[in-house]
Amino acid sequence: MKKSIIPITLLSLLLTACGGGPNGGEGQNSAGGVAEGFLCEQEGERAQDSGGRELLCQVMGDGKFAWRPEGGEQPQGGEQPVVGGTLSQILGSGECDPNSKVTEYTAGIGDASKMSHIYPMGGMISTHITPIDHIYVYYPENSLTSAPDGSYLVTSPADGTIVRVEDFQETNNYPYPDFRVVIEHSCDLYSVFIHIGKLSEGIVQGAVVKAGQAIADDSQSPGYDFSTFDQNVALSFANPTSYSQAESWKTFTANPFDYFPAAEKSKLEEKSLRATAPFDGRIDWDEEGTAQGNWFENDSNGYRGKGDQTASYDNHGKVARGYWDTHLAIAPDAVDNQAFIYSIGDWEGCPCQFMSVGNVDPKTIASSASAPTVISLVEYEIRNPDGSSHNPNQPPKGYTLSGSGEVVGLLALQVNADGSMKVEKLPGKTDAQAFTGFSENAKTYVR
């Protein structure tokens, strides 16, 4: 199962987050030599593939090592770092058409009337510890209930060129067609589709597409992710360089709805689960001098992580290990922006999200505080606006979150004057008053 229903299923997320590239540790291919994309043992080791091309053992964004061309492209979730690069270098070939002046969309990404709902950017769910940089498009059917061929076509929102195609069915052994497609509309504007189905005829890397042209049929496993990236966008992350070694496109994340024609934008806003603007969400919540926003363990390479975590997942034990271990985010929920989520990459091995007793606003945890703030963490539940029982397959617009149940642990936070934050995780502890100070288990996080 690949696709996400609200709340997004752990399995679907981990197929993407944990599986970013080919699975398995077999570095040799059947023809002799190593196989590009397969796992390797020692960073910096060199070898040749069956065609005599030299490959380098490189660290991926999930902490694994894999054979890739030196300076070449890497799979989704582990692209080669492009420090200070342009979108063309990050998402495309490094070259773009300077004559293309496309700055906005002129068509939709599919028939909005057929979509059941859209989950906005900014979700913090499972291994997506920091706010997610794409929207999720849903249909009445999903990966378990396919629709007849031709039911749900995915279309290019503007004229452009296909600059990248990645086949996740091949690399992740999915039982259905599953592709990531990047469209360059101009040197400044890019669209990224993830988990779209059977590609339309002629949709290959280098193909030119027109606005409204079908690029895929997503009927067999309906639902996909969509992002817009704009070279002229500069999000207000406190430290953009934290994203330079992995997902360096993140600082260029644009609000996609703003790029569509007015009529199409209105349709998409109607489908969004958010009841207030921005209906397509937000991912940059860093508020300097406070605990709000994205954090990474000190000396852990920012978003990339330490590079020594083994990406793994235990469904029953709710344990997942990977680059996200060193991530921490405290920000409003993607749908209910009055609910504050405490998203922790390694809570006894679990990439987990909680609310707090009293729904503590992280902006109130400030560097001016003379003592640590101790947060009592609780699980949370979704509540429908009309009070009816929540059906994750048919989430209503404007649902809210509410902390519920017993305290599962404590989180002690102290924002420092230098912009860092001292953090101690205390799973299983329930008495905030019993906290007398940080122990040797506390860690320092930075932006």
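Details
- Residue check for S221: within 17 Å of the chain's Cα centre (by Cα), crowded, with 20+ Cβ neighbours inside 10 Å and among the polar types (S, T, N, Q): no
- Residue within region 260-282 that is under 30 Å from D346 (Cβ atoms), of a type in the set (F, W, Y) and within 20 Å of the chain's Cα centre (by Cα) present: no
- Within region 398-447, the set of residues being under 30 Å from S272 (Cβ atoms) and touching a Ser or Thr at 6+ places or on another chain (Cβ under 7 Å) comprises G403, R447.
- Scanning region 184-198 for residues that are surrounded by fewer than 22 Cβ atoms within 10 Å (Cβ to Cβ) and either within 17 Å of G108 (Cα to Cα) or in contact (Cβ under 8 Å) with a residue 60 or more places away in the chain (or both) yields a count of 4.
- Residue that is touching a helix residue (DSSP H, G or I) at 6+ places or on another chain (Cβ under 7 Å), modelled with pLDDT of 85 or more and either in a loop (DSSP other than H, G, I, E, B) or basic (K, R) (or both), where the choices are G37, G94: G94
- Condition broken by V181, with the remaining ones in (1) surrounded by fewer than 18 Cβ atoms within 10 Å (Cβ to Cβ); (2) among the β-branched types (V, I, T); (3) part of a strand (DSSP E or B) satisfied: (1)
- Check on N255, under 16 Å from T106 (Cα atoms), touching a residue at least 40 places away in the same chain (Cβ under 8 Å) and of a type outside the set (F, W, Y): yes
- Residues in region 138-163 that are buried (at least 20 other Cβ atoms within 10 Å of the Cβ), touching a helix residue (DSSP H, G or I) at 6+ places or on another chain (Cβ under 9 Å) and at pLDDT 95 or above: Y138, Y139, Y152, P157, A158, V163.
- Y399 surrounded by 14 or more Cβ atoms within 10 Å (Cβ to Cβ), within 24 Å of D346 (Cβ to Cβ) and aromatic (F, W, Y): no
- Count of residues meeting criterion [surrounded by 13 or more Cβ atoms within 10 Å (Cβ to Cβ) and not in a loop (DSSP other than H, G, I, E, B)] in region 406-442: 17
- Exactly one residue among A246, A262 is surrounded by fewer than 21 Cβ atoms within 10 Å (Cβ to Cβ) and small (G, A, S), and that residue is A262.
Let's see how each residue does on (1) under 21 Å from T103 (Cα atoms); (2) among the aliphatic types (A, V, I, L, M):
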site: S191; (1), (2): yes, no
site: L199; (1), (2): no, yes
site: E247; (1), (2): no, no
site: Y259; (1), (2): yes, no
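- Among the residues making up region 81-137, those that are in contact with a Cys (Cβ under 8 Å, 6 or more places away or on another chain), crowded, with 20+ Cβ neighbours inside 10 Å and farther than 30 Å from D325 by Cβ are S88, C96.
- Scanning region 257-289 for residues that are within 14 Å of L328 (Cα to Cα) and not charged (D, E, K, R) yields I283, W285.
- Residues of region 120-175 classified as among the aliphatic types (A, V, I, L, M), part of a loop (DSSP other than H, G, I, E, B) and more than 24 Å from D258 (Cβ to Cβ), total: 3
- Members of region 258-296 that are free of Cβ contacts under 8 Å to residues at least 40 places away in the same chain, over 30 Å from I375 (Cα atoms) and not charged (D, E, K, R): A262, A263, S266
- Taking first residues from region 335-361 that are within 14 Å of H128 (Cβ to Cβ) and partners that are at pLDDT below 95 and of a type in the set (G, A, S), the Cβ contacts under 6 Å between residues at least 6 apart in sequence or on separate chains come to P351/S126; P351/A320.
The values are calculated or read from the model by the stated rules, or taken from the named source; none is laboratory data. Every value quoted in this text rests on a predicted model; they were computed, and no experiment measured them. Cβ atoms come from the backbone with ideal geometry, glycine included; neighbour counts cover every protein chain shown.
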